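Everything below concerns the one structure shown next.
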Amino acid sequence: MRTAKLSCLIIIFVVLTSLSPALVSSSSQDRIEQRINSLLARMTLEEKLGQLQQLDGEANGNFRPEHVEMVRKGLLGSTLNVRGAARTNELQRVAVNESRLKIPILFGFDVIHGYRTVFPIPLGEAATWDPAALERSAAIAAREARAAGVHWTFAPMVDIARDARWGRIAEGSGEDPYLGAMLAAARVRGFQGSDYSAPDKVVATAKHWVAYGAAEAGRDYNTTDLSERTLREVYFPPFKAAIDAKVGTFMTAFNDINGVPATANPFVLSDVLRSEWKFDGLVVSDYTAVMELMNHGLARDEADAASYALNAGTDMEMVSRFYNKHGAALIRSGKISTTTLNEAVRRVLRIKFRLGLFEKPYADEARETNSIFTPEHLAAAREIAARSMVLLKNQGDFLPLSKGVKAIAVIGPLADSQKDMIGSWTGDGKAEEAVTLLTGVKSKVSPQTTVRYAKGSELNDNSTAGLDEAVRVARESDVVIVAVGESAEMSGEAASRSSLDLPGQQMQLIKAIHATGKPYAVVLMNGRPLTISWIAENSPAILETWFAGTQGGHAIADVLFGDVNPGGKLPVTFPRSVGQVPLYYNHKNTGRPPDLNNKYTSKYLDVPWTPQFPFGHGLSYTKFKITNLKLSAVQMGRTGSLTVTAEVQNVGKRSGDEVVQLYIRDVTSSVTRPVKELKGFQRVTLQPGETKRVEFSLGPEQLGSYDRSMRFGVEPGEFKVMVGPDSANLVQATFQVR
Ligand code: NOJ
């Protein structure tokens, strides 16, 4: 009888554990907490503070001489920028063999869009509107980084950016909270997998918490002032999505939010992140952000800065050393409690345990040789780069070009630039490994084709010396490709601009080519929306290629010559003029929406209120029709949901991709709502003549909003549902919530 009972219990246990991963992981989590408890009980105050310290290595990946002694004494928990299997192993050996408690070091690095194999900049990847592609590129980046001894990437950057002047718009997924949330989750899944202790995974960071992209005037590091509503509706969603995807760490933002610097902000760090969202991972400050609390005018001195940051919930201090220097005195004086300190240390150790560092502290040096910059990774980089390209204009089906053209000119300051092709934040990527557009074109066209090159102008100076040569080269050719844009360093961190125009003499260059009468396509490379009205109105074709990465030149040639049909869509609005900024599709209607026939409405005297290219815009070499929008109900309750279907048909002659986009509008509500909000999208591939039905589901999560008391829920009334190929060309239907 007892044996029967026992076997019954065993069966129940086996069934439960196999059915419920949560059960298994919660017991392994319990074991981790016990191991942390036992470590904490043995740690000195200095060793605890040491775990909260992260220091920078050298740009080339070496650790610094002082790190060795600090690690030996247990005074350094983590480094950034130290990488390479041999180098990380060398320092790790000191931690594991020579420090008292043998706590391994956590090696962090900015793996933003690839480690050695460089993918398109994140804004470019976002233009794929393809979460699976981003998951794949993050997985490859993780495989390469972990093989090189990196455990922790400071990515994804999930800041919403509505202001193209801000250079870091290049590092995120653009202006939309829904697209941003989907892509944040995809990147976290790619970096971490289901278990980031795996030898090809790293722990990810959702950054910069929070509202960094709302920097006033688009000037980097600037102040932000936002209502709680805007924070919750616009800036929080990608971070929440990262949490739901089980992101391991967060990084604080440099900016202050409504008067309180993010690195010392109890509302965002403690109330929202820890209490509301139950985040149990580690929060690291941004680079010297703890020190900067003095510049913000919050902290009187170093000790005050440490106390503000640690008490608010910033666990680890990057680069400045105030926790280390003043922590002991702050604990003794009671300004920081032992519980607060222990909790911060616990979170650092938790990530180290979850990464499996206590079991496997070292990188496998053989693996590093075999798994970086492989042909498979390069093929993925090329494919994803081609998927990221957005065909902004294609008058008279000028593109794709024929590979058999007799003579082609490749012109422009970006046409043969390796360093710009890989973008501004390239991990361990090497410019000399990048394929330029000129190389891509040369390897694409027929052996009989003559390819001529002229730089034409510099990217950003006033010399017109190269124009004549460019015109000559254009005249001698049948077709011209002009590659213009920004240098890679003109976007990214500390790269704000007050103008969104093409810098230098590049407009003159395009006008000079235009004046030759030769047919030409403009290839843009840039990290932000640019103001390109003249080109949009006058040039036959425009392909937006962002900074496309290691394989960029091949990928652009794949698209220009029709081996790949472009299917990317803009993840940001392109304004006509910088004066329109911030310009985003999900704006409010206002009491006086723009009306050409009425002066006293919301618009400009000198420029239309509409964008140059709307959010979601992108053409193809084929044509699509989106029809038959149907709702499963025209009425529903506040907790109900309905299904939206539409048909998309390829009515052209080539196979191609369309991104079907679903927007809603809550027509009347107790709080004003945006005129459109993206709530679903699907990138589908269709053969000529093929039709597919796409289906979306709308329920409380998609239809809800925050009421005047900041309670989330669906309000009764009319809703519009809009479906189309971009945010401006939509078919619509309505339904009622009762
Ligand atoms: C500062 C940047 O803001 C952040 O994104 C980055 O991760 C750190 N530096 C570390 O390089």
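What to note about this one:
- Residues located in the stretch 195-242, provided they are more than 26 Å from His587 (Cα to Cα) and surrounded by fewer than 19 Cβ atoms within 10 Å (Cβ to Cβ): Asp195, Ser197, Ala198, Pro199, Asp200
- The stretch 328-367: number of residues that are closer than 30 Å to Phe547 by Cβ and open to solvent by 50 Å² or more (accessible area, probe 1.4 Å): 1
- Pairs with Cβ under 7 Å, 6+ apart, first in the stretch 218-245 and within 12 Å of Val188 (Cα to Cα), second of a type in the set (D, E, K, R): Ala245/Arg189
- Test result for Asp159, under 23 Å from Tyr706 (Cβ atoms), without any contact (Cβ under 8 Å) to a residue 60 or more places away in the chain and among the charged types (D, E, K, R): no
- Taken over the stretch 166-188, the criterion of being of a type in the set (A, V, I, L, M, F, W, C) and more than 16 Å from the ligand (Cβ to nearest atom) is satisfied by Leu179, Ala181, Met182, Leu183, Ala185, Ala186.
- Here Ala164 meets each of (1) over 10 Å from the mean Cα position of the chain (by Cα); (2) under 18 Å from Asp244 (Cα atoms); (3) not charged (D, E, K, R) with one exception, condition (2).
- Residue within the stretch 552-566 that is among the small types (Gly, Ala, Ser), more than 30 Å from Gln687 (Cα to Cα) and in a loop (DSSP other than H, G, I, E, B) present: no
- Every condition in (1) within 16 Å of the ligand (Cβ to nearest atom); (2) under 24 Å from Tyr196 (Cα atoms) is met by Asn370 except one, and the failing one is (1).
- Of residues in the stretch 44-69 being more than 16 Å from the ligand (Cβ to nearest atom) and surrounded by 20 or more Cβ atoms within 10 Å (Cβ to Cβ), the one nearest to Phe154 (Cα to Cα): Leu52
- Only residues that are free of Cβ contacts under 8 Å to residues at least 40 places away in the same chain and basic (Lys, Arg) were counted across the stretch 678-701, and they come to 0.
- Qualifying residue in the stretch 83-106 (condition: without any contact (Cβ under 8 Å) to a residue 60 or more places away in the chain, crowded, with 24+ Cβ neighbours inside 10 Å and within 16 Å of the ligand (Cβ to nearest atom)): no
- Residues in the stretch 189-214 that are more than 15 Å from the chain's Cα centre (by Cα), touching a residue at least 60 places away in the same chain (Cβ under 8 Å) and within 16 Å of the ligand (Cβ to nearest atom): 2 in all.
- For the stretch 140-161, the candidate set comprises residues that are away from the ligand (no atom under 12 Å from the Cβ) and under 14 Å from the mean Cα position of the chain (by Cα); within that set, the residue that is surrounded by the most Cβ atoms within 10 Å (Cβ to Cβ) is Ala161.
- Look at (1) under 32 Å from the mean Cα position of the chain (by Cα); (2) surrounded by 14 or more Cβ atoms within 10 Å (Cβ to Cβ); (3) assigned to a loop (DSSP other than H, G, I, E, B) and you find that Gly652 fails only one, number (1).
- Verdict on Phe681 being open to solvent by less than 20 Å² (accessible area, probe 1.4 Å) and either part of a strand (DSSP E or B) or touching a Pro at 6+ places or on another chain (Cβ under 6 Å) (or both): no
- Of all the listed residues (Val675, Val651), the sole one being touching a residue at least 60 places away in the same chain (Cβ under 8 Å) and of a type in the set (Val, Ile, Thr) is Val675.
- Selection within the stretch 128-139 - away from the ligand (no atom under 16 Å from the Cβ) and either surrounded by 24 or more Cβ atoms within 10 Å (Cβ to Cβ) or over 12 Å from the mean Cα position of the chain (by Cα) (or both): Thr128, Trp129, Asp130, Ala132, Ala133, Leu134, Arg136, Ser137, Ala139
- Qualifying residue in the stretch 290-301 (condition: under 20 Å from Asn81 (Cβ atoms) and open to solvent by less than 50 Å² (accessible area, probe 1.4 Å)): yes
- Cβ-Cβ distances below 6 Å connect the following pairs, each with a first residue in the stretch 704-730 that is in contact (Cβ under 8 Å) with a residue 40 or more places away in the chain and part of a strand (DSSP E or B), a second residue that is open to solvent by less than 10 Å² (accessible area, probe 1.4 Å) and of a type in the set (D, E, K, R), and a separation of six or more residues or different chains: Phe719/Asp666.
- With respect to the conditions (1) closer than 30 Å to Met490 by Cβ; (2) aromatic (Phe, Trp, Tyr); (3) in a helix (DSSP H, G or I), Phe267 lacks only one, and its number is (1).
- Looking only at residues in the stretch 273-298 that are more than 11 Å from Val210 (Cβ to Cβ) and in a helix (DSSP H, G or I), the one that is nearest to the ligand (Cβ to nearest atom) is Glu292.
- The stretch 250-272, residues that are within 16 Å of the ligand (Cβ to nearest atom) and open to solvent by 10 Å² or more (accessible area, probe 1.4 Å): Phe254, Asp256
- On inspection, Glu317 qualifies as within 16 Å of the ligand (Cβ to nearest atom), closer than 30 Å to Gly429 by Cβ and touching a residue at least 60 places away in the same chain (Cβ under 8 Å).
- Scanning the stretch 245-264 for residues that are assigned to a strand (DSSP E or B) and in contact with a strand residue (DSSP E or B) (Cβ under 9 Å, 6 or more places away or on another chain) turns up Thr249, Phe250, Met251, Thr252, Asp256, Ile257, Pro261.
- The conditions of being modelled with pLDDT under 95 and either closer than 26 Å to Ile103 by Cα or in a helix (DSSP H, G or I) (or both) are not met by Ala303.
The values are calculated or read from the model by the stated rules, or taken from the named source; none is laboratory data. What you are looking at is a predicted structure, and each value in this text was computed from that prediction instead of being measured. A quick note on method: Cβ atoms are made from the backbone with ideal geometry, for glycine too, and the neighbour counts reach across all protein chains shown. Side chains are part of the model used for accessible areas, which takes the heavy atoms of the whole protein and leaves out ligands, DNA and RNA. Shrake-Rupley method; radii C 1.70, N 1.55, O 1.52, S 1.80 Å.
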